[in-house]
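Encoded as structure tokens, the structure appears first; notes follow it.
The values are calculated or read from the model by the stated rules, or taken from the named source; none is laboratory data. Since the model is a prediction, treat every value here as computed from it, not as a measurement. Note that we place each Cβ from the backbone using ideal geometry, even for glycine, and neighbour counts take in every protein chain shown. When the accessible area is computed, the model is the full protein with side chains, heavy atoms only, and any ligands, DNA or RNA have been set aside. Shrake-Rupley method; radii C 1.70, N 1.55, O 1.52, S 1.80 Å.
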Amino acid sequence: MEHNEQADAPPFSHAPLPAEQDDGAADDWTRDDADSMAVDSYHSGALAEHAAEAVDAAPPAPSAEVVKEVQSSFQSLELKPSAGTHEDAQMVVDEEEETKRHLNVVFIGHVDAGKSTAGGQILFLSGQVDDRTIQKYEKEAKDKSRESWYMAYIMDTNEEERLKGKTVEVGRAHFETENTRFTILDAPGHKSYVPNMISGASQADIGVLVISARKGEFETGYERGGQTREHVLLAKTLGVAKLIVVINKMDEPTVQWSKERYDEIEGKMVPFLKSSGYNVKKDVQFLPISGLCGTNMKTRMDKSICSWWDGPCLFEVLDHIEVPLRDPNGPVRMPIIDKYKDMGTIVMGKLESGTIREGDSLFVMPNKSNVKVIGISLDEKKVRRAGPAENVRVKLSGIEEEDIMAGFVLSSIANHVGAFTEFNAQLQILELLDNAIFTAGYKAVLHIHSVVEECEIVDLIEEVDMKKKNEIDPKKKKPGRKPLFVKNGAVVVCRIQVNNLICIEKFSDFPQLGRFTLRTEGKTVAVGKVVDVPPIGSTKFSA
């Protein structure tokens with residue numbers, strides 16, 4: 001994944017950390033302790049002087065024992081509370097950092113639905129972008145005759161994206177609410193950039209599906225070939241457990257906060273979301289907003305704007321959304337999405353399981369390179385450890401940047417991720433290309449966590465009758481009917497082969513590394529999960 005970074009990029013963009021800052025930041029704790037000691041020694045000297053002056057001025061002069069007692073009393077009164085307060089303040093800061101959970105939220109939806117604008121507005125409302133920057137973007141957008149795009153410029157920092165008015169790369173930014181730290185992942189909506197959208201969604205915990213209420217725009221995105229449908233399916237497949245469906249552009253002249261239009265869109269989306277695998281009552285929430293004006297985003301909107309809405313605003317929903325907890329004590333699993341060199345080898349990715357600490361020895365799989373963690377960064381800040389669900393940058397020693405590829409996995413040594421060239425999968429066929437037949441020999445592009453690899457279907461093992469809800473048991477002796485080919489809508493167990501070693505896990509053991517999509521000629525044709533892998537020590541099944 002490429003990152004377009006500019007010298008005048010806004011404060012949330014991910015520029016590599018300079019080496020000089022690394023060493024300095026690592027010593028922050030030492031410096032704090034040294035400063036504290038310097039303050040204490042200053043107080044000690046000042047108190048001694050004060051006590052000595054008091055001795056000279058006061059008649060009659062007290063004995064040396066009395067002076068010592070006075071000094072001792074002053075020090076016990078002055079120094080201990082001061083040191084205690086410093087320690088307590090440090091503990092409070094640490095506790096605050098610990099108690100705020102972190103969530104990755106991906107903005108998905110059809111092109112021009114307003115994803116970048118909504119993301120930019122969130123950053124503005126949460127104080128990440130100041131008025132002066134907004135005024136600069138307004139002028140820039142006006143000069144390009146794109147007055148309504150200025151909020152999108154906050155997320156779309158690339159000049160190509162601003163000229164086209166389309167997000168190409170996955171934009172990344174950070175903001176906080178009362179209880180949660182968020183990383184925004186602004187996924188591109190255009191069908192040409194779906195692989196980039198997959199990369200963004202694979203890092204997300206929750207999704208914000210942005211739908212345009214403007215007349216004709218919802219229909220274009222929702223109809224066959226529109227990105228609204230494909231993005232929902234991909235989000236579910238890639239592990240986005242919760243979905244917030246925001247009906248955007250409700251202030252648009254063709255809508256004017258119409259309840260009828262809102263109900264029409266919700267009525268069409270609910271059955272489709274159910275068919276995509278979402279539990280609409282538990283996992284999906286609808287709400288109306290205006291991304292351009294910021295209405296119903298940070299604060300609930302006034303009844304004078306929309307008389308019929310009495311639900312929460314977007315920030316409230318984000319702050320209170322519940323997601324499955326991940327295991328901080330589990331084996332380390334961090335799919336690598338990008339790497340670069342900066343006084344060492346730095347890898348980026350989302351920590352799916354386990355905890356990484358400075359000084360840890362880990363494997364880079366699949367090549368089993370033994371590496372040591374010499375630095376960790378979260379949201380541009382150096383930290384000593386990182387837990388699951390965090391987007392992290394990890395500085396490694398023991399490996400060169402050119403020996404790492406996107407799709408490699410940072411893994412525990414004792415319980416490392418497996419690497420295979422074959423696996424069995426349960427696939428749901430969505431929609432094949434015209435005249436295509438899904439049979440042994442079918443070739444496609446496999447997307448699994450941060451891996452993108454060409455693959456081939458080498459065997460159809462069993463067609464699954466989903467009406468009977470029979471679960472796939474890879475160890476059962478008598479498989480069902482073995483088909484020669486399957487059609488659209490079918491669910492089939494098949495064997496998939498790739499040319500290079502890839503790091504995967506069985507879906508039942510580790511869902512984040514066991515769900516995938518198959519794409520052909522720019523179209524998603526199937527979604528699936530890994531149901532079986534070769535035995536330990538083998539990269540493929542025995543003949």
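For the reader, a short list of remarks on this structure follows.
- Here V240, V208, V232 are screened, and the one residue that is aliphatic (A, V, I, L, M), in contact with a Ser or Thr (Cβ under 6 Å, 6 or more places away or on another chain) and open to solvent by less than 10 Å² (accessible area, probe 1.4 Å) is V232.
- Of all the numbered requirements in (1) exposed (fewer than 15 other Cβ atoms within 10 Å of the Cβ); (2) assigned to a helix (DSSP H, G or I), S307 misses one, and that requirement is (2).
- Selection count where residues are buried (at least 22 other Cβ atoms within 10 Å of the Cβ) and either in contact with a Gly (Cβ under 7 Å, 6 or more places away or on another chain) or modelled with pLDDT under 95 (or both), scope the stretch 418-441: 4
- Test: residue in the stretch 397-404 that is outside any strand (DSSP E or B), surrounded by 20 or more Cβ atoms within 10 Å (Cβ to Cβ) and β-branched (V, I, T): yes
- Residue under evaluation D263, criteria (1) in contact (Cβ under 8 Å) with a residue 24 or more places away in the chain; (2) open to solvent by 20 Å² or more (accessible area, probe 1.4 Å); (3) of a type outside the set (G, A, S); (4) over 30 Å from A406 (Cβ atoms), criterion not met: (1)
- Taken over the stretch 117-132, the residue count meeting the criterion of being assigned to a loop (DSSP other than H, G, I, E, B) and of a type outside the set (A, V, I, L, M, F, W, C) is 4.
- Which listed residue, of D319, D342, D327, is touching a strand residue (DSSP E or B) at 6+ places or on another chain (Cβ under 7 Å), farther than 18 Å from R181 by Cα and open to solvent by 10 Å² or more (accessible area, probe 1.4 Å): D327
- Residue ID - surrounded by the most Cβ atoms within 10 Å (Cβ to Cβ), chosen from residues in the stretch 511-527 that are within 16 Å of A235 (Cβ to Cβ) and of a type in the set (S, T, Y): T517
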